[in-house]
Amino acid sequence: MEQQVQKKRIFSGIQPTGNLTLGNYIGALRNFNLLQDEYDCLYSIVDMHAMTVRQNPAELRKACLRTMSIFLASGLDPRKNIIYFQSQVPQHAELAWILNCFTYMGELQRMTQFKDKAAKHADNINAGLFTYPVLMAADILLYQTDLVPIGEDQRQHLELCRDIANRFNGVYGDVFKVPEPYIAKVGARIMSLNAPESKMSKSSPEGCVFLLDRPEDILRKFKRAITDSDTERCVRYDPEHKPGVANLMQIYGSAAGKTYAEIEREFDGQGYGAFKAAVGEAVVEKLRPIREETERLLADKAYLESVYRAGAEKASYIAGKTLRKVYKKVGLLAK
Ligand code: ATP
Ligand code: LTN
């Protein structure tokens with residue numbers, strides 16, 4: 001089956017922490033949907049990555065199922081994509097160990113996400129947080145991935161993954177395909193609504209729209225969104241001087257399917273109030289069907305289980321092939 005399919009392979013991962021945000025949707029999930037017919041795609045809910053920050057076990061389990069439901073509700077078809085939990089495919093942890101031995105401390109010390117997270121969780125700077133990018137490299141390299149759709153913030157991790165793959169291949173021959181990042185031009189970095197200089201992130205919930213937020217909460221958050229302090233109160237795309245407005249335009253563009261020029265024309269001569277309300281409405285309408293379908297799926301545990309079991313089995317088959325090759329190359333005896 002696998003040999004007949006000549007499509008390029010895509011792999012991406014999302015952490016099941018908290019609730020997914022509009023940033024995750026525009027930067028990641030929406031693109032996953034656009035790719036599913038053209039590519040051979042694997043999407044992993046990276047529950048082992050989530051453990052690098054302390055988690056409540058019951059909450060983590062719930063977040064895993066919720067994330068899987070959102071994947072499906074936002075249109076990912078489990079017959080076309082392999083959707084699974086990272087922890088259910090043991091080859092991820094197994095390859096990560098080997099790749100740890102091909103990664104330098106200095107490389108990991110340079111990772112900005114590590115520096116940020118270490119600062120945020122100063123009481124728990126664990127080794128997992130440090131080697132997080134190595135597990136991510138294992139995720140990707142196990143599947144001989146061609147392309148990795150990610151948001152801008154993950155570019156550095158992907159570069160490291162490529163370096164590790166090249167280093168390993170340099171010693172043992174062509175074992176891993178060296179993956180390319182796939183970063184959408186629009187929406188790769190959705191910013192916080194109340195602090196447009198920082199990324200919209202689950203960890204600062206105030207400026208953050210969650211996919212399962214109630215419509216009234218979404219509208220309220222947009223109404224309060226920061227626009228600009230400049231005197232020219234007009235809707236114009238200028239990320240450098242009007243980051244708040246540019247961010248809202250990105251969001252509106254992707255929720256309503258409009259270009260920046262169309263948006264500028266639509267709000268010509270109007271203040272920010274009307275614009276912010278329109279963005280809120282567009283997002284509410286975009287998210288409504290996703291929220292309703294997620295709730296329906298969450299009540300159908302048997303169906304969810306059938307999806308993730310089948311996903312893990314298919315993923316493990318592909319991952320097993322790469323791992324056996326790696327074992328052989330490095331001199332471990334294959335099982
Ligand atoms: P955190 O919110 O804690 O910073 P995260 O949302 O970046 O974490 P993941 O849930 O693993 O972590 O991210 C999944 C995908 O969503 C990644 O590809 C990431 O680049 C993308 N993503 C996350 N936030 C945004 C954002 N604000 N804009 C665009 N893409 C984003
Ligand atoms: N580190 C990523 C999540 C992630 C991932 C991956 C993304 C884990 N493994 C493999 C792409 C490919 C994040 O924090 N967004």
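Coordinate-derived values only; no laboratory data. All values reported here derive from a predicted model rather than from experimental measurement. Cβ coordinates were reconstructed from backbone atoms using ideal geometry, including for glycine residues, and neighbour counts include every protein chain displayed.
Within the same chain, lysines fewer than 8 places from K276 are excluded, and of the rest, those with a Cα less than 27 Å from its Cα are K185, K199, K202, K221, K223, K242, K258, K286. Note on M105 and N56: the model spin-label points, each 7 Å out from Cα along the C-beta direction, lie 3.7 nm apart.
Database remark: amide H of K8 closer than 5 angstrom to the amide H of D40 (H placed geometrically; neighbours at sequence offset of 5 or more, or on other chains; Pro and chain starts carry no H).
Choose one of Y252, V235, I318: the residue whose Cα lies farthest towards the positive end of the charge dipole of the chain (beta-carbon charges +1 Lys, Arg; -1 Asp, Glu; about the Cα centre). Checking the options against the dipole of the chain, the answer is I318.
Work out the P(r) tail for the chain: percent of alpha carbon pairs separated by more than 30 Å, whole number. Distances greater than 30 Å cover 38 percent of the Cα pairs.
Proximity of backbone amide H atoms, modeled 1.01 Å from N, is registered between L142 and no other residue at under 5 Å, excluding neighbours fewer than 5 places apart on the same chain.
Based on the convex hull around the alpha carbon atoms, the range 114-218 presents an average projected area of 8.8 nm². Short to long, the 10 Å bins of the Cα pair-distance histogram for the range 36-150 hold 12, 38, 37, 13, 0 percent of all pairs.
Legend: calculated FRET efficiency, E313 to E206, from the Cβ-Cβ distance at R0 = 30 Å, rounded to 0.05, equals 0.15.
Would you mind counting up the charge near P243? Only other residues with Cβ under 9 Å from its Cβ, with Lys and Arg at +1 and Asp and Glu at -1.
Overall, the nearby charge balance is -3.
One chain, two ends: E197 and K325. Fully extended at 0.36 nm per residue, the span grows by 41.6 nm beyond their Cα-Cα distance. At a Förster distance of 25 Å, what's the computed FRET efficiency of N169 paired with E38, Cβ-Cβ distance as r, to 0.05? For N169 and E38, the calculated efficiency is 0.40. Under the convention that each Lys and Arg Cβ holds +1 and each Asp and Glu Cβ holds -1, the size of the dipole of the chain around its Cα centre is about 900 debye. Semi-axes of the equivalent ellipsoid of the range 240-335 are 47, 23, 9 Å, computed as sqrt(5λ) over the eigenvalues of the C-alpha gyration tensor in descending order.
Scanning residues 5 or more positions from Y182 or on other chains, those with amide H under 5 Å from its amide H are V148, I150, with H placed 1.01 Å from N in the peptide plane. Can you give me the Cα centroid spacing of the range 4-31 and the range 159-209 in angstrom? Distance between centres, Cα-based: 11 Å.
Scattering from the range 1-90 was approximated by placing one identical point on each alpha carbon and applying the Debye formula without solvent; log10 I(q)/I(0) at 0.14, 0.16, 0.21, 0.23 1/Å stands at -0.50, -0.64, -1.02, -1.18.
If the cut-off is 19 Å between C-alpha atoms, which lysines fall inside it for K7, apart from same-chain ones fewer than 8 positions away? Answer for K7, where 19 Å is the Cα cut-off: K80, K177, K314, K321, listed by chain and number.
By per-residue mean of other Cβ atoms within 10 Å, what is the highest-first order of 83-90, 163-170?
Working: 83-90: 21.0, 163-170: 17.2.
Per-residue Cβ counts within 10 Å, averaged per peptide and sorted highest first, yield 83-90, 163-170.
Beta bridges per DSSP, both residues in the chain: antiparallel share near 10 percent. The protection proxy used here, the mean number of other Cβ atoms lying within 10 Å of each residue, ranks peptides 274-284, 57-67, 17-27 as follows, highest first: 17-27, 274-284, 57-67. Normalised by the number of residues in the chain, the average gap of Cα pairs under 8 Å and 6 or more apart makes the relative contact order 22 percent.
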